[in-house]
Amino acid sequence: MGMSTGGNEGGMMSEINVTPFVDVMLVLLIIFMVTAPMMTTGMKVELPRAQAPVMTVDAETQMILSVTVDGKYYINKNEFTLEELGPKLVAIAENNPDQDVFLQADGQVPYEKVAQLLALATTAGIARMGMVTQPGTTP
């Protein structure tokens, strides 16, 4: 009356069939791999303010890239469109690779415009950039 190992016809089998278990686990793995990137969400971030030492910016020796609230771009006091700015920055980076560049953006300018200007300057080959800000404290 013992249990057979499957050698006889019609006897009980003592092995566990893991194939359905593996199939279910692979399907779950694929589902989690597809849905995991969709589960990331953004959050509202308020950037901190801090006291910083005052730096003097000399417009004759240093280049100032500016973005105004109405979307105009300037190199020092000369106005350019975003399309004109790219080749101009490439020429400046080629002629003077050690040029210090300061980015000055109005506080109401959307971050996208500031990021575009930073990316344009970096792509042009400008390696050293600084941000011009107003001194301030936490509100």
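The values are calculated or read from the model by the stated rules, or taken from the named source; none is laboratory data. Keep in mind that what you see is a predicted model, and the values were worked out from it rather than measured. For neighbour counting, all protein chains shown are included, and Cβ atoms are generated from backbone atoms with ideal geometry for every residue, glycine included.
The criterion of being in a helix (DSSP H, G or I) and either surrounded by fewer than 16 Cβ atoms within 10 Å (Cβ to Cβ) or among the hydrophobic types (A, V, I, L, M, F, W, C) (or both) holds for GLU84.
Applying the criterion of being out of contact with any helix residue (DSSP H, G or I) (no Cβ under 7 Å at 6 or more places or on another chain) and not hydroxyl-bearing (Ser, Thr, Tyr) to the residues of the range 64-81, the residue that is surrounded by the most Cβ atoms within 10 Å (Cβ to Cβ) is ILE64.
Looking only at residues in the range 102-115 that are assigned to a helix (DSSP H, G or I) and more than 18 Å from ASN76 (Cα to Cα), the one that is modelled with the lowest pLDDT is TYR111. Of all residues in the range 119-130, one or more are assigned to a helix (DSSP H, G or I), over 18 Å from the mean Cα position of the chain (by Cα) and free of Cβ contacts under 8 Å to residues at least 60 places away in the same chain. Remark: pairs (first residue in the range 69-89, at pLDDT 85 or above; second residue β-branched (Val, Ile, Thr) and assigned to a helix (DSSP H, G or I); Cβ separation under 9 Å; 6+ apart in sequence or on different chains) = ILE75/ILE92; GLY86/THR123; LEU89/THR123.
Right, GLN99: touching an Asp or Glu at 6+ places or on another chain (Cβ under 9 Å), surrounded by 11 or more Cβ atoms within 10 Å (Cβ to Cβ) and at pLDDT below 85 or not?
When the stated conditions are applied, GLN99 does not pass them.
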